[in-house]
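Here is the structure we will look at, set down as structure tokens.
The values are calculated or read from the model by the stated rules, or taken from the named source; none is laboratory data. All values derive from a computational prediction rather than experimental measurement. Here Cβ is always computed from backbone atoms with ideal geometry, including for glycine, and neighbour counts include all displayed protein chains.
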């Protein structure tokens with residue numbers, strides 16, 4: 001990834017690589033990019049809900065597996081609904097067996 005991309009672009013690119021049925025957290029993306037913090041990743045993803053930006057932000061949760069970004073979706077239940085469609089069980093806005101579904105952005109490097 002080069003300097004010509006904005007921080008938002010970098011966050012979006014990593015987020016687009018999260019496979020369906022897997023999730024990551026804000027901190028893992030921040031660590032992978034070696035830029036900013038988990039909060040900055042969340043801030044970038046909050047801005048991904050604009051026309052023309054196709055980012056599976058529903059696959060990014062907090063470090064405990066909680067759907068902390070759910071209130072930024074069309075409805076507060078939409079994030080859980082999207083995850084359930086991908087086979088991820090969510091109870092009380094928290095991913096069940098979070099470790100089982102966790103994906104680290106370093107997995108992208110193994111495929112390249």
ask   = Across region 39-49, what is the total count of residues that are part of a helix (DSSP H, G or I) and under 26 Å from residue 92 (Cβ atoms)?
value = 6
ask   = Is there any pair with a first residue in region 66-81 that is free of Cβ contacts under 8 Å to residues at least 24 places away in the same chain and a second that is in a loop (DSSP other than H, G, I, E, B) and surrounded by fewer than 17 Cβ atoms within 10 Å (Cβ to Cβ) whose Cβ atoms are under 6 Å apart and which are 6 or more apart or on different chains, and what are they?
value = 70/76
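Could you list all residues from region 57-80 that are part of a loop (DSSP other than H, G, I, E, B) and touching a helix residue (DSSP H, G or I) at 6+ places or on another chain (Cβ under 6 Å)?
Restricting attention to region 57-80, the residues satisfying the condition of being part of a loop (DSSP other than H, G, I, E, B) are 62-65, 67-69, 73-77.
Matches in region 57-80: 63, 65, 67, 73, 76.
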ask   = residue 62 fails exactly one of the following numbered conditions: (1) more than 13 Å from the chain's Cα centre (by Cα); (2) in contact (Cβ under 8 Å) with a residue 12 or more places away in the chain. What is the number of that condition?
value = (1)
task = Could you check how many residues of region 1-33 are more than 13 Å from the chain's Cα centre (by Cα), exposed (fewer than 13 other Cβ atoms within 10 Å of the Cβ) and within 19 Å of residue 61 (Cβ to Cβ)?
result = 0
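Quick one: which residue in 52, 36, 87 is more than 14 Å from the chain's Cα centre (by Cα), surrounded by 15 or more Cβ atoms within 10 Å (Cβ to Cβ) and not in a helix (DSSP H, G or I)?
Exactly one of 52, 36, 87 is more than 14 Å from the chain's Cα centre (by Cα), surrounded by 15 or more Cβ atoms within 10 Å (Cβ to Cβ) and not in a helix (DSSP H, G or I), namely 36.
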query = Can we say residue 20 is under 15 Å from residue 107 (Cα atoms), in a helix (DSSP H, G or I), out of contact with any strand residue (DSSP E or B) (no Cβ under 8 Å at 6 or more places or on another chain) and at pLDDT 95 or above?
reply = no
request  = Give region 90-104 a look and list any residue that's more than 12 Å from residue 59 (Cα to Cα) and either assigned to a loop (DSSP other than H, G, I, E, B) or touching a residue at least 40 places away in the same chain (Cβ under 8 Å) (or both), or say none.
outcome  = 92, 93, 96, 97
